[in-house]
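Since every read-out is calculated from the coordinates, none of them should be taken as a lab result. Given the structure is predicted, the values throughout are model-derived calculations rather than measurements. Neighbour counts are summed over all protein chains in view; Cβ atoms, including those assigned to glycine, are modelled from backbone coordinates with ideal geometry.
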Ligand code: ZN
């Protein structure tokens, strides 16, 4: 058992084992944390799952600087990276808190309680997929650029402007915090094309 009382699985396994475990994570237990070598994997929930559809509660900033929270942010980031994602939202790993990880130009960053401050009128079509809806891709209309208010992992209030792919990731991930998936907004599927 680890410090959170979760059983440890996959300890000492290699990366290939970890990826196999990731694929089967939804079959094991939603609260199981999979560990192997230096990377800790959180299970990624797949649609349909009620946790993905539940609006997330504000993240309690009082807990942000606690070592367990910082470790959890690392785990969320590592889970995204190992799964080859460019964004992930906490509810996708079973935690209904308003926290997202976004792959920015400066690497992956955690954002607590992100909110749109403004969004461009201009929209773009983006082809999206989702770690929680594997194998499905489709076209979604998104704002071309957004301004986002959030708290960073050091506890600093920030406001940032995102454009292009980064703006799309913010919109996709913040949707997750409201229980919304890209398949709810898709205009047409690109793969499989006949969904
Ligand atoms: Zn997603």
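Couple of notes before you dig in:
- Region 141-184: number of residues that are farther than 20 Å from residue 118 by Cα and buried (at least 16 other Cβ atoms within 10 Å of the Cβ): 5
- Filtered residues of region 55-87 (kept if assigned to a loop (DSSP other than H, G, I, E, B) and either within 16 Å of the ligand (Cβ to nearest atom) or closer than 20 Å to residue 135 by Cα (or both)): 55, 56, 83, 84, 85, 86
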